[in-house]
Amino acid sequence: MEYRCSLGSITYNFPDLKTLMAKATPFRSGDALAELAAQSAEERVAAQMTLADLPLTAFLSESVIPYEDDEVTRLIVDTHDAIAFAPVKSMTVGGFREWLLSDYATSERLTALAPGLTPEMVAAVSKIMRLQDLIVVAAKCSVITKFRDTIGLKGTLSTRIQPNHPVDDPRGIAASLLDGLLMGGGDAVLGINPATDSPESCITLLKMLDELRERLAIPTQICILAHVTTTIQAIDRGAPVDLVFQSVGGTEAVNRSFGVSLSLLEEAHSAGLSLNRGTMGNNVMYFETGQGSALSANAHHGVDQQTIEARAYAVARRFSPLLVNTVVGFIGPEYLFDGKQITRAGLEDHFCGKLLGLPMGCDVCYTNHAEADQDDMDALLTLLGVAGCSFIMGVPGADDIMLNYQSTSFHDALYVRQALGKRPAPEFEAWLQNAGVMDEQGRIVSDTQELKGLSEPFRRALTAI
Amino acid sequence: MAEQLEPEIVNQMPVTLPPWSGLRRFTDARIALGRAGIGLPTDAHLEFQLAHARARDAVYSNMDVAALTESMIALDLTVLRAQSAAMNRREYLMRPDKGRRLNDESRLTMDRQPGTGYDLVFVVADGLSATAINQNIAPFLTVLLPDLNSAGWRIGPTVMVEQGRVAIGDEIAHLLNAEIVVVMIGERPGLSSPDSLGCYLTYCPNPGITTDADRNCLSNIRPRGMSYTDAAARLLYLLTESRRRSLSGVSLKDETGLLPDRTSQALECADNRNRRD
């Protein structure tokens, strides 16, 4: 369907929904690279005005990628919950924005609405929102998931310890891991990006992590972020797999470039569930996403990168994940050029994911060829904290020596907890206190009296490395 | 009042140093940094800033064309200069496609070259770190060339490209009628490696059709990474095998213990951003 907007003497034409969505997107380099971005600032606002007048039901009659061509579209259409959608079905995108901001949109109502929303509806409304809108609405969303602890409770902020090492050296990994635990991190997951994606090395690392977790009785989960097929093999060989990881995207073609499909993810999900290792709950999947991945795989079908990213959340939602992480600044400046673009993308992704009912975290990060620095990361981290982000990364000194990029550090997590009054997951917080890492006010005490305040297993782990 | 306060402040120790600093011997990661409140101690903070500053400077550095040319001529190489279609660094960063193509003038320069073809041409491109080129090219070529010369390789002119990405070598090799191209390029700087050189070998490249799967990559060539001797041995092996088997890329990778392990290949092939799984 064609869309039109007249402003003064100029009429802007948008031949279809995906073009309208792309032109309405706040500027980012990836859309310009794909030649999808608005040609002028006015054209962008014309598209936003047109989008604001569009009924939400339009997204149920027109797909940005045809149903026949793409299994992600089929998933979105086939699993849409019309009953959940009913309360907002007569709204336009602009009216939906106002409703979301209003007091009618309570936490309970937003939770009930989630299955009735499609990624495209959520992406559309995000395109006509300012940062404060994205923050205040996301902060109202409540998404709680469980495995050995509880992620996403109001007032909490969890962290993944990411103790990567360039050659997967077990002692190097253990050193970073212990440093992270002693700084109060790790309640989201202890998760390693392996340098080598083979079942053997994956199993070796899993055993090491699991042994440490058991020895210290840590109420958290472990994960090796290997390809899903590697993890399935590890499960088949009896390895201690808590969470099954996979990078996913918002089109069938980009998922193919990642070597996955919905049926393979289904298989992986079942394999993860079969181990039944969760004590608090059984959310066993961990997904990572990020704007621009579809374009970089030439799998974007002329759809803007933010809309495709929201579609990735439909894939994630299918498998009830414990954690969904948008790795926002890793992709590089040809997709998100600078701190401004990274900041907006991080908040959009968090908002879209939360509104769709996902436990969203964010890898607040950048590469050295992006126009960004630590100040940009501090700003995004703070904004995400205010928005109620479920979890962030914890990388020693913010410097990942394996993946060669900068993320958030253990210190950064403590900063945002202190500045905004956030706490770790409750089960993990109790453990931190018992282990002698943190006091009841949430202050780090692991380093204040040599190692004397630490629990016996902790002291032994430090000397056994 | 002031007299009472002063000694108290002097006795306050704002930085807590962790008693587990011994763990540092197991990893280069920035662990056991200590803390001031929940913030970084000033030293650790400024060390990070310095590393980032060096990486940023590397991204915006320029090739020292005069010095590089001089050192290549001293090695009996002929040198040509070229420029990609990216006008400047900003365009280079935002438009990877332009960094993969020659501009019109450079294409003409290549086209006008005489010669009946070569076994091999080198392309030296700034990539994401001209610092890596300025620091590593001369010593690396000094180690590499004697072996190539004694093995009888017919080496074409070395093309020095500004604002270039890996795939620009395809067009250059095509225009110069070279069988194999080796692109030596500055890699995306890491926080502790602003000077990392990458080498990409492609057999019979075909502009627009050749993909990254058709290339072999040596990464992290620098004094504190893969040594020049090691890199030269590996590259010589790859070149010999590529010519003998008339191929490059994935199918060349798997069959030798001399080639780099997956780890060094995972470490950023400068032109090919992989996601993190």
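The values are calculated or read from the model by the stated rules, or taken from the named source; none is laboratory data. This is a predicted model, so every value here is computed, not measured. Note that we place each Cβ from the backbone using ideal geometry, even for glycine, and neighbour counts take in every protein chain shown. Quick note on the areas: whole protein, heavy atoms, side chains included, nothing else; ligands and nucleic acids left out. Shrake-Rupley method; radii C 1.70, N 1.55, O 1.52, S 1.80 Å.
Points to keep in mind about this one:
- Sequence-distant lysines (8 or more away, or on other chains) whose Cα lies within less than 17 Å of A:Lys340: A:Lys127
- Average partner coverage of A:394-403, which counts Cβ from other chains inside 10 Å: 6
- Extension gain, B:Thr116 back to B:Val143 (0.36 nm per residue minus Cα-Cα distance, nm): 7.0 nm
- Net lengthening on full extension, A:Ile83/A:Leu420 (0.36 nm per residue, minus Cα-Cα): 117.6 nm
- Relative protection proxy for A:314-326, B:27-39, from highest mean packing down: A:314-326, B:27-39 (other beta-carbon atoms within 10 angstrom).
- Theoretical gain in end-to-end length, A:Glu456 to A:Glu267 [0.36 nm per residue, Cα-Cα removed]: 64.0 nm
- Using a probe radius of 1.4 angstrom, the carbon and sulfur fraction of the accessible surface of the stretch B:65-276 is 48%.
- Working from the Cα coordinates of the stretch A:126-204, the gyration tensor eigenvalues give, after taking √(5λ), semi-axes of 33, 16, 13 Å in decreasing order.
- Positive-pole candidate from B:Cys199, A:Cys141, A:Gly250, dipole of the protein assembly as shown, charges at beta carbon: A:Cys141
- Helical content of chain A, expressed as a calculated mean residue ellipticity at 222 nm, amounts to -13000 deg cm²/dmol (DSSP H runs of 4 or more residues, -39,500 (n - 2.57) each, divided by residue number, nearest 500).
- Straight-distance crosslink candidates among lysines, where the alpha carbon sits under 16 Å from A:Lys207 and sequence neighbours closer than 8 are dropped: none
- Label-zone membership for the stretch B:141-168, site B:Arg90, 7 angstrom Cα→C-beta point, backbone N under 12 Å: none
- Cα pair count fraction exceeding 24 Å, expressed as % - the stretch A:164-259: 23 percent
- Considering only B:Ser219, B:Gly190, B:Met110, and ranking their Cα positions along the charge dipole of the stretch B:65-276 that arises from unit charges at the beta-carbon of Lys, Arg, Asp and Glu, the one farthest toward the positive end is B:Gly190.
- Order of exposure, largest accessible area first, which applies to A:Lys23, A:Lys340, A:Lys18 with probe 1.4 Å: A:Lys340, A:Lys18, A:Lys23
- For the stretch B:40-108, the Kirkwood hydrodynamic radius from C-alpha pairs, put into Stokes-Einstein at 37 °C and a viscosity of 0.692 mPa s, yields a diffusion coefficient of 218 µm² per second.
- Take the convex hull of the alpha carbons in the stretch A:99-170; its mean projected area over all directions comes to 7.9 nm².
- Crossing angle, helix B:2-11 versus chain B [Cα axis fit, 0-90 degrees, rounded to tens]: 50 degrees
- Positive-end residue of A:Met91, B:Ala232, A:Phe27, charge dipole of the protein assembly as shown with Cβ unit charges: A:Met91
- Highest average packing first - A:71-77, B:123-129, A:143-149, Cβ atoms within 10 Å: B:123-129, A:143-149, A:71-77
- Normalising by residue count, the stretch B:1-156 has a Cα convex hull of 227 Å³ per residue.
- The heavy atoms of A:Asp53 offer some 120 square angstrom of accessible surface to a 1.4 angstrom probe.
- Counting, for every residue in A:170-182, the Cβ atoms of other protein chains within 10 Å of its Cβ and taking the mean gives 5.
- Remark: relative contact order (chain B) = 17 percent; criterion is Cα-Cα distance under 8 angstrom and separation of 6 or more residues.
- Here the stretch A:244-402 exposes an accessible surface that is 47 percent carbon and sulfur, computed with a 1.4 Å probe and the other protein chains kept in place.
- Inter-chain shielding of A:234-242 (mean C-beta neighbours from other protein chains, 10 Å cut-off): 0
- Loop trypsin sites (Lys or Arg not before Pro), the stretch B:199-243, which have at most 10 other Cβ atoms in a 10 Å radius of their Cβ (DSSP): B:Arg224
- Largest-first principal axis extents, alpha carbons of the stretch A:403-465, Å: 33, 31, 22
- Accessible surface calculations at 1.4 Å, restricted to protein heavy atoms, place chain A at 33 Å² per residue.
- For chain A: relative contact order, % (alpha-carbon pairs under 8 angstrom, 6 or more apart): 19 percent
- In this rough spin-label picture, where each label sits 7 Å from Cα along the Cβ direction, the A:Asp439-B:Ala213 distance is 5.9 nm.
- Among the protein heavy atoms, those of B:Ile221 account for about 0 Å² of accessible surface (1.4 Å probe, every chain in place).
- Share, in percent, of DSSP beta bridges within the protein assembly as shown that are antiparallel, nearest 5: 40 percent
- Ranking by accessible area, most exposed first, for A:Thr229, B:Thr16 with a 1.4 Å probe: A:Thr229, B:Thr16
- Overall dimensions of chain A as given by Cα atoms, namely Rg and Dmax in Å: 21.8, 77
- Sites A:Leu153 and A:Ser6 - FRET efficiency at Förster radius 45 Å, r taken between beta-carbons, to 0.05: 0.40
- Counting only protein chain heavy atoms and rolling a 1.4 Å probe, the accessible areas of B:Tyr228, A:Tyr313 rank, largest first, as B:Tyr228, A:Tyr313.
- Set A:Lys140/A:Lys354; A:Lys422/A:Lys452; A:Lys23/A:Lys140 screened for pairs whose C-alpha atoms are more than 18 Å apart: A:Lys422/A:Lys452; A:Lys23/A:Lys140
- Each listed q (0.10, 0.15 Å⁻¹) maps to a log10 I(q)/I(0) for the stretch A:1-132, found by the Debye formula over equal Cα scatterers with no solvent: -0.34, -0.76.
- Estimated [θ] at 222 nm from DSSP helical runs (n ≥ 4, -39500 (n - 2.57)) normalised by residues in chain B, nearest 500: -12000 deg cm²/dmol
- Partners of A:Lys89 within straight-line reach, counting aspartates and glutamates whose Cα lies under 19 Å from its Cα and excluding those fewer than 8 residues away in the same chain: A:Asp53, A:Glu62, A:Asp78, A:Asp81, A:Glu98, A:Asp103, A:Glu108, A:Glu120.
- Computed Kirkwood radius, in angstrom, where 1/r is averaged over Cα pairs of the stretch B:65-276: 16.8 Å
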